[in-house]
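The values are calculated or read from the model by the stated rules, or taken from the named source; none is laboratory data. What you see is a predicted model, and the numbers here were worked out from it, not measured in a lab. FYI the Cβ positions are ideal-geometry reconstructions off the backbone, even for glycines, and counts take in every protein chain you see.
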Amino acid sequence: MTTLSRTVGAPVNRVEGKAKVTGEARYAAEFPLTRLAYGWVVQATIARGRVLSVEEEAGMRMPGVLAVITHGNAPRLQVVDDGELLVLQDEQVHYRGQTVALVVASTLEQARAAADALRVSYAAEPHDVLLSADHPRLYAPDHVNPNYPTDTLTGDVEAGMARAEVTVDETYSTPAEHNNPMEPHSSTAQWDGDRLTVYDSNQGATRVHQQLAQVFGLDRSTVRVLSEHVGGGFGSKGSARPQTVLAAMAARMLDRPVRVTLSRQQQFSMVGYRTPTIQRVRLGADRSGRLAALDHEVFEQTSTLYEFAEQTALFSRVMYATPNLRTRHRLVALDVPTPRWMRAPGEAPGSFALESAMDELAEACAVDPIELRVRNDAAVEPEGGRPFSSRNLVACLSEGASRFGWADRDPRPATRRDGRWLIGTGVAASTYPARSAPSTASVSAEANGAFVVRVTAADIGTGARTALTQVAADELGVPLERVDVRIGDSDYGPAMIAGGSMGMASWSWAVVKACRQLRADIDEHGGVPDGGLVARADTADDIAAQANLARHGFGAQFAEVRVDVDTGEIRVPRLLGVFAVGRIINAKTARSQLIGGMTWGLSMALFEESVMDAEFGDYLNHDLAGYHVAANADVQGIDVSWLDEHDDQLNPLGVKGIGEIGIVGTAAAIANAVYHATGHRQRHLPIRPDRVLSP
Amino acid sequence: MIPAEFNYEVADSVDHALSLLAGYGPEAKLLAGGHSLIPMMKLRFARPSALVDIGRIAALSYVEQDDGHIRIGAGTRHHDVHHSPLIEAGCPLLSFTAGLIGDPQVRHKGTIGGSVAHGDPASDLPTVLLALDAEFVLTGSGGATRVVPASDFFKGFFETAIGPEEILTEIRVPKLGASSGWSYLKFSRRAQDWAIVGVAAIVERSNGGIGSARVALTNMGATPLRASSVEQALAGAERDAIPAAAAMAPEGTSPTSDTNAGANYRRHLADVLVGRAVEEALGGP
């Protein structure tokens, strides 16, 4: 084989781009199957209590109805940790919107009409759906997502605060926010004897396939999950959701394929969201801004079905050097849908609190906010003291300062005005863990000269398939056109999900390893034999053997805002993000992903807010008319760049993962800029116009 | 998102529509562009027994003028109101505002009569027509007509003076003269959304000052509202009286709180936007 110019790093177009824009690419709800039936979820209309009865017989008389599945007739499932998957197993209602029945009919319209007409009666009990920092049932969970300690303590925070010359002690809050991927959650299940095949919209076929095997008590080898194309997930498809189990359950009962697709409104209760957070941050420093103490205490919610504890204070364990550091998480289980992963769980809300507090400290110390962060840069991970594999926060800040034009900034708030617009700029730091998880991959050399890579990766719109094609082409020393990367099929073997910004770091490792093995095999054979060759790789041992280092990406976020002095309207003419995130595989899709993350951050700062209706226990703005996600008209200039960072302590390619760091710190940078423009701190998201005017 | 069951009839004339309405009784609704009614039916906030479609009656779509008025057929689309040279010349406030409604698809389907008859206090056109002292022609059985001034037309939340067996057939708008300045300001958190608050202002200029002013508010109560205190304070006043007058904008209003804004913020916005709208209508010093 000849060595060709490398494609890793190049701005390669998406390999499936044409299939997507022509409609040839099939998403989960688009696979035609003979005798396909459609299920529609009937959701609880109380937030807590019991189902007394379901008028199944009346439902069965509706046109086209094949089954009305309730806790009374549903097959028993194997008990699993995730209570949200144990659908229709008992009469208890844990939140408004929980599944109480599934109506299956010959057409989607018939299923929906019958579901709408189905009468369900309840014994309602008083519900409790509001988070507060003094809730009597707050408790310390065993760990926070995914397996970090709930609390940490280094040194003595109270002593550090007492000694400090300057202190900040403020409470910040972020609202419940919903993921809202463009493609709805959809699952189509088909049984062939005891073999189950599911076309599913998810962020990782391996995990869904494992969960289905568990919940139905099947051998994993008899379950196949396919998710070739996925239209976004943002965390809400990181593991199986109720519709997957419902589709498989109904298909088995009816002995025909069944599809269950959730509506936009249903996704506001059934598939996860970000918990609201209440965060108290206390900082103590000397007059020069050097931290003597950092205390970050978080209050958040989970459901009564499944404990999900967002790792909100994790950010503070990574960012700044201080001798006295304490982080704590307290949780309350409310009668609400289960919160889950959403767009940088932990770091996104945590960075809003700490990076806002750092801006307040900078002002209190009369130190430039960038200089404050440089003075407190950490040589080792502040909690635990592990060395960093690489940390280039300071370089991101200084590169960003230069690109943004920070040097001339007048720190005084509320002093720049253009007509009725007040103008301000703000900065915040960002970080996100750079982890890898065990994955497998195979690559085959075909007799016709092509190479086929098989890995249970998920391309949820990120460009993962394209990036893996580049990785394999380089490793094999062939042009991109000779490499066919196949993903989204659990039969390819276990692999990490597209989540935690770990997808590319994990899959590329397995692909690189398989490709290197294949090249060795080809050399050994003196070429590709007539029957072809296959090499397989599993990175479990490699990852277990890694040195114990702190591995994180870092970044700096800059924002310029204009605030209407009379109406409180906010515009964001400029956002700049500079990131140190290891090697970039595809300059085009990486740029898109980082811009997308920063757009999430803008959206989080100004718009996104799921409003709990305390009387009914429901998120009342449960559609895209009431829940605004930033759209083109909201976004002006976003500039993204990255440092040329080489870190050989990560994985073979030195990939850190870029899926989530773009959102981290963006909301704080905008809030800090709003303060700089107006002189009023914004400690509660979103920064609505009325909040700007009523400090 | 699927409406409850309903009957559907296409009317080919106003008379035909009236007889269909009489046949179905008070639970029937007229359908024009459908861009307000159909979403409400999909959400099942509205469950009419029948829809009588008057959207295809060509005779209801026209723009004409006489000496002092522009007469607009109730079935005229927002797009046509926006682009009508007659309206542009005689009442530019109306053509401007029609261009702010929804998006181009909505403007090609929605009608001026539908917007008025729907009586949504968050809609832009009712406010502008109230400020303009428009008149609404209602046609009843046998072709009998009555004319209701805008000030008597909007009775409550989604409630108007139209009787159960009447159809709004024409909107009459007094032309604005050369000394009239105008403004419509619509404040929303995102493009294409309803106004959180909207303000229409018409100022009769007099020697560099304000001769008289008409000011109306969108989404500050159950109906579009005239800001009478503001109007009185501005009558015969100079430019420097505007801030104090605008501060009276919340008087007599009853705005609601929702996920976009609280009532206090709406009152504040009314003050700010009335000031800006009157300034804009008065024009440069």
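Residues that are acidic (Asp, Glu) and in contact with a strand residue (DSSP E or B) (Cβ under 9 Å, 6 or more places away or on another chain) within region A:616-633 comprise just one, A:Asp618. Taking region B:1-102 and the helices (runs of 4 or more DSSP H) fully enclosed by it, the elements with 3 or more residues that are in contact (Cβ under 8 Å) with a residue 24 or more places away in the chain, outside the structural domain of B:Ser188 (by TED's automatic domain parsing) and in contact with a helix residue (DSSP H, G or I) (Cβ under 6 Å, 6 or more places away or on another chain) are at B:78-83, B:92-98. With the structure loaded, tell me whether B:Leu18 is at pLDDT 95 or above, hydrophobic (A, V, I, L, M, F, W, C), surrounded by 20 or more Cβ atoms within 10 Å (Cβ to Cβ) and out of contact with any strand residue (DSSP E or B) (no Cβ under 6 Å at 6 or more places or on another chain) or whether it fails that test. Yes. If you take the residues in region A:637-650 that are part of a strand (DSSP E or B) and buried (at least 18 other Cβ atoms within 10 Å of the Cβ), which one is nearest to the other protein chains (Cβ to nearest Cβ)? Restricting to residues being part of a strand (DSSP E or B) and buried (at least 18 other Cβ atoms within 10 Å of the Cβ), the top hit is A:Ile638.
State whether one or more residues within region B:235-244 are within 14 Å of chain A (Cβ to nearest Cβ), touching a Gly at 6+ places or on another chain (Cβ under 9 Å) and modelled with pLDDT of 95 or more. Yes: region B:235-244 contains one or more residues that are within 14 Å of chain A (Cβ to nearest Cβ), touching a Gly at 6+ places or on another chain (Cβ under 9 Å) and modelled with pLDDT of 95 or more.
Matching residues to (1) crowded, with 24+ Cβ neighbours inside 10 Å; (2) assigned to a strand (DSSP E or B); (3) touching a residue at least 60 places away in the same chain (Cβ under 8 Å):
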{"site": "A:Ala248", "(1), (2), (3)": "yes, no, yes"}
{"site": "A:Phe268", "(1), (2), (3)": "yes, no, yes"}
{"site": "A:Glu300", "(1), (2), (3)": "yes, yes, yes"}
{"site": "A:Arg328", "(1), (2), (3)": "no, yes, yes"}
{"site": "A:Val332", "(1), (2), (3)": "no, yes, yes"}
{"site": "A:Ala353", "(1), (2), (3)": "yes, no, yes"}
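Going by the structure shown, is A:Phe315 part of a helix (DSSP H, G or I) and within 20 Å of the chain's Cα centre (by Cα)?
Answer is yes for this residue.
Show the residue pairs that are 6+ apart or on different chains and have beta-carbon atoms under 7 Å apart, the first residue being within region A:553-568 and within 14 Å of another protein chain (Cβ to nearest Cβ), the second being assigned to a loop (DSSP other than H, G, I, E, B) and surrounded by fewer than 23 Cβ atoms within 10 Å (Cβ to Cβ). Final answer for the pair search is A:Asp564/A:Arg420; A:Val565/A:Arg420; A:Asp566/A:Arg420.
Does B:Arg214 satisfy the condition of being of a type in the set (Lys, Arg), over 30 Å from A:Gly568 (Cβ atoms), away from chain A (no Cβ under 14 Å) and assigned to a strand (DSSP E or B)? For B:Arg214, the condition - of a type in the set (Lys, Arg), over 30 Å from A:Gly568 (Cβ atoms), away from chain A (no Cβ under 14 Å) and assigned to a strand (DSSP E or B) - is not met. Checked against (1) without any contact (Cβ under 8 Å) to a residue 60 or more places away in the chain; (2) in contact with a strand residue (DSSP E or B) (Cβ under 7 Å, 6 or more places away or on another chain); (3) surrounded by fewer than 20 Cβ atoms within 10 Å (Cβ to Cβ), A:Val93 passes all but condition (3).
Before we move on, is A:Gln89 out of contact with any helix residue (DSSP H, G or I) (no Cβ under 8 Å at 6 or more places or on another chain), within 14 Å of another protein chain (Cβ to nearest Cβ) and either among the polar types (S, T, N, Q) or assigned to a strand (DSSP E or B) (or both)?
Numbers: out of contact with any helix residue (DSSP H, G or I) (no Cβ under 8 Å at 6 or more places or on another chain): yes; within 14 Å of another protein chain (Cβ to nearest Cβ): no; either among the polar types (S, T, N, Q) or assigned to a strand (DSSP E or B) (or both): yes.
Considered against the rule, which asks whether it is out of contact with any helix residue (DSSP H, G or I) (no Cβ under 8 Å at 6 or more places or on another chain), within 14 Å of another protein chain (Cβ to nearest Cβ) and either among the polar types (S, T, N, Q) or assigned to a strand (DSSP E or B) (or both), A:Gln89 comes out as no.
With respect to the conditions (1) of a type outside the set (Val, Ile, Thr); (2) part of a strand (DSSP E or B); (3) over 24 Å from the mean Cα position of the chain (by Cα); (4) surrounded by fewer than 24 Cβ atoms within 10 Å (Cβ to Cβ), A:Gly284 lacks only one, and its number is (4).
Filtered by the rule that a residue be under 32 Å from the mean Cα position of the chain (by Cα), more than 14 Å from chain B (Cβ to nearest Cβ) and hydrophobic (A, V, I, L, M, F, W, C), region A:108-148 gives A:Val129, A:Leu130, A:Leu131, A:Ala133, A:Leu138, A:Ala140, A:Val144. Of all residues in region B:245-278, those satisfying the criterion of being out of contact with any strand residue (DSSP E or B) (no Cβ under 8 Å at 6 or more places or on another chain), within 14 Å of chain A (Cβ to nearest Cβ) and farther than 30 Å from A:Ala176 by Cα are B:Ala246, B:Ala247, B:Asp271, B:Val272, B:Gly275.
The rows are residues; the columns are (1) touching a helix residue (DSSP H, G or I) at 6+ places or on another chain (Cβ under 7 Å); (2) within 12 Å of chain B (Cβ to nearest Cβ); (3) of a type outside the set (A, V, I, L, M).
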residue: A:Gly596; (1), (2), (3): no, no, yes
residue: A:Ser603; (1), (2), (3): no, yes, yes
residue: A:Gly617; (1), (2), (3): no, no, yes
residue: A:Asn621; (1), (2), (3): no, yes, yes
residue: A:Gly626; (1), (2), (3): no, yes, yes
residue: A:Asn632; (1), (2), (3): no, yes, yes
residue: A:Val635; (1), (2), (3): yes, yes, no
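Within region B:244-257, the only residue that satisfies the criterion of being assigned to a helix (DSSP H, G or I) and exposed (fewer than 14 other Cβ atoms within 10 Å of the Cβ) is B:Ala244.
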